[in-house]
Amino acid sequence: MSGRRTIDQILADARARLDRLGPADAARAQREGSVLVDIRPVAQRVASGQIPNALVVERNVLEWRFDPASDARLPTADRYDLPVIVYCEEGYTSSLAAAALQDLGLFRATDLVGGISAWRAAGLPIEPAVEAR
């Protein structure tokens, strides 16, 4: 069947167009005004904590919350040049999500290499998450 691609190919294509950030660079970018976005479901956030001052937007509504043209957008998502850094648990889903944001025109969207697991391993701060935030 023509046009078939594996998830590994799709992931590689997504990552090829991202300027992915390691934990230290993501922390610096957050301090400088980038929006760090946790797309994990609540169960994962509760189990492993979350990055302080990160915005929680679960993956299933990400595009609607960050599309500047959407009626459902977040107040912070008011422009296409918004620097957004998406993270998940290990950095796989976040790559696909960041590429989807780029498809919407958010050309500065990227993700955190290794996700919150790499952030934790780098000794960066993590706070407990609550079930409803």
Cα gyration tensor shape of the stretch 7-121, rounded if a/c is under 1.5, else prolate or oblate by comparing a/b with b/c
rounded
GluC sites (Glu not before Pro), restricted to the stretch 30-71: which are DSSP loop and have at most 12 other Cβ atoms within 10 Å?
Glu32
From the phi of every residue in the stretch 30-40, what ³J(HN,Hα) in whole Hz does the Karplus formula 6.51 cos²θ - 1.76 cosθ + 1.60 yield, where θ is phi - 60° and glycine or proline is x?
4, 4, 8, x, 5, 8, 8, 10, 8, 9, 6
Suppose only helical runs count, i.e. DSSP H with n ≥ 4. What mean residue ellipticity at 222 nm does that imply for the chain under -39500 (n - 2.57) per run, divided by all residues and rounded to the nearest 500 deg cm²/dmol?
-10000 deg cm²/dmol
At a Förster distance of 25 Å, what's the computed FRET efficiency of Ile7 paired with Ser117, Cβ-Cβ distance as r, to 0.05?
0.80
Trypsin sites (Lys or Arg not before Pro) lying in DSSP loop within the stretch 1-54, provided at most 10 other Cβ fall within 10 Å:
Arg4, Arg5
³J(HN,Hα) computed for each position of the stretch 58-68 - Karplus, 6.51 cos²θ - 1.76 cosθ + 1.60, integer Hz, glycine/proline x
4, 3, 5, 10, 3, 4, 5, 7, 10, 6, x
Please order Asp67, Asp19 by the number of other Cβ within 10 Å, starting at the fewest.
Asp19, Asp67
For the stretch 7-121, size of Cβ-based charge dipole, Lys and Arg +1, Asp and Glu -1, in debye:
300
Can you list residues whose amide H is under 5 Å from Ala54's amide H, if they're 5+ apart or on another chain and H is modeled 1.01 Å from N?
none
Considering only C-alpha atoms, what is the centroid distance from the stretch 18-42 to the stretch 44-97, in Å?
10
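Here, each number is a calculation from the coordinates, and none is a lab measurement. Because the structure is predicted, anything quoted here is derived from the model rather than measured. Don't worry about glycine lacking a Cβ; one is built from the backbone with ideal geometry, like all the others, and counts go over all protein chains shown.
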